[in-house]
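Notes to accompany the following structure.
The values are calculated or read from the model by the stated rules, or taken from the named source; none is laboratory data. Everything numeric here is computed off the predicted structure, so don't read it as measured data. As a convention, Cβ positions derive from the backbone with ideal geometry for all residues, glycine included, and neighbour counts pool all protein chains shown. Only protein heavy atoms, including side chains, enter the accessible area calculation; ligands, DNA and RNA are left aside. Shrake-Rupley method; radii C 1.70, N 1.55, O 1.52, S 1.80 Å.
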Amino acid sequence: MDNEFDRYAKSYDQDLVAAMPPGMEESEYFARYKIEHLARRCAGKTITRILDFGCGAGRSLIFLAEKFPHSQIFGFDPSTESVDLAKGRCGAAHVTSDWQQVAEEKYDLILAANVFHHIPRVEMPTRLSQCANVLQPGAAMGIFEHNPLNPLTRYVFERCIFDRDAEMIPRNVLMMQAAGAGLRVRKKEYTLFFPKPLAALRPIEHWLGWLPLGAQYYLELTNK
Ligand SMILES: C[S@@+](CC[C@H](N)C(=O)[O-])C[C@H]1O[C@@H](n2cnc3c(N)ncnc32)[C@H](O)[C@@H]1O
């Protein structure tokens, strides 16, 4: 069956960069940032299996493999074109568009990077419950989503070709949806405050998590 993201799989990175204002274009930084954030959150924990839920063309998989060298990395995406590209990009990861395969395992960490705003609101409880069901007890599901309060995020979102049919999710809405799926919020913070021209300020970002101006927000959910 055709999937919306089959169309964008090959040009995903270029489409994203094309939506950014001149001088602010960067793509790899965002993917790497999220994985480094997760690695800090998981420091000292045994992470045997990681699931990248909505892995797309595999932008995060390579960084997951790099930052979690002792973990098995799994990717799931309903777009088969994206899955094919992801497999080519990260041979070490097990990538599939078949949820049954994913559901054969339990995961110590689930990442969902900019996935939920592509899922219709009515479908969201089902998708969150699916993730909750494959999460090890007490393990973390880390969700990154666009912050609708950030003007630059809105600028990029409105211009990004693959976001045409998407709807940004306010943080409190996602938190309510998560609670409905039996997931508890363990950490919430805003992230990605400084665009490329202000990159020198990035080291102070970790003090700003409370400030609702980050380009994205991070929600860490758990099932206990
Ligand atoms: C904006 S892309 C993000 C891809 C990747 N996570 C990244 O950061 O580059 C959104 C992805 O969500 C996937 N997606 C859409 N509906 C989904 C669903 N119900 N379950 C899992 N992934 C879904 C799309 O196929 C697409 O690859």
Going by the structure shown, is Ile161 within 12 Å of the ligand (Cβ to nearest atom), within 17 Å of the chain's Cα centre (by Cα) and either surrounded by fewer than 19 Cβ atoms within 10 Å (Cβ to Cβ) or not acidic (Asp, Glu) (or both)? no
Return a yes/no flag: does the range 115-125 have any residue that is assigned to a helix (DSSP H, G or I), buried (at least 17 other Cβ atoms within 10 Å of the Cβ), in contact with a helix residue (DSSP H, G or I) (Cβ under 6 Å, 6 or more places away or on another chain) and aromatic (Phe, Trp, Tyr). no
Tell me which residues, restricted to the range 29-67, are within 13 Å of the ligand (Cβ to nearest atom), charged (D, E, K, R) and assigned to a loop (DSSP other than H, G, I, E, B). Arg59
Keeping to the range 1-25, report how many residues are within 12 Å of the ligand (Cβ to nearest atom) and not in a loop (DSSP other than H, G, I, E, B). 7
Condition met for Gly142 (touching a His at 6+ places or on another chain (Cβ under 8 Å), surrounded by 14 or more Cβ atoms within 10 Å (Cβ to Cβ), in contact (Cβ under 8 Å) with a residue 40 or more places away in the chain and within 15 Å of Tyr33 (Cβ to Cβ)): yes
Test each condition in (1) within 13 Å of the ligand (Cβ to nearest atom); (2) out of contact with any Gly (no Cβ under 9 Å at 6 or more places or on another chain); (3) free of Cβ contacts under 8 Å to residues at least 60 places away in the same chain for Glu81 and report the one that comes out false. (3)
Hits in the range 166-224 (condition: open to solvent by less than 30 Å² (accessible area, probe 1.4 Å) and assigned to a helix (DSSP H, G or I)): Leu174, Ala178, Glu205
Of all residues being touching an Asp or Glu at 6+ places or on another chain (Cβ under 8 Å) and away from the ligand (no atom under 14 Å from the Cβ) in the range 104-141, which is farthest from Leu64 (Cα to Cα)? Just the residue, please. Gln136
Give just the number: which of (1) near the ligand (Cβ under 9 Å from one of its atoms); (2) among the polar types (S, T, N, Q); (3) surrounded by fewer than 22 Cβ atoms within 10 Å (Cβ to Cβ) does Thr96 not satisfy? (1)
Scanning the range 46-67 residue by residue, those free of Cβ contacts under 8 Å to residues at least 40 places away in the same chain and over 13 Å from the mean Cα position of the chain (by Cα) turn out to be Ile62, Ala65, Glu66, Lys67
Filter result (basic (Lys, Arg) and over 17 Å from Thr191 (Cα atoms)) within the range 19-76: Lys45, Arg49, Arg59, Lys67
Which residues, taken from the range 73-114, are acidic (Asp, Glu) and in a helix (DSSP H, G or I)? Glu81, Asp84
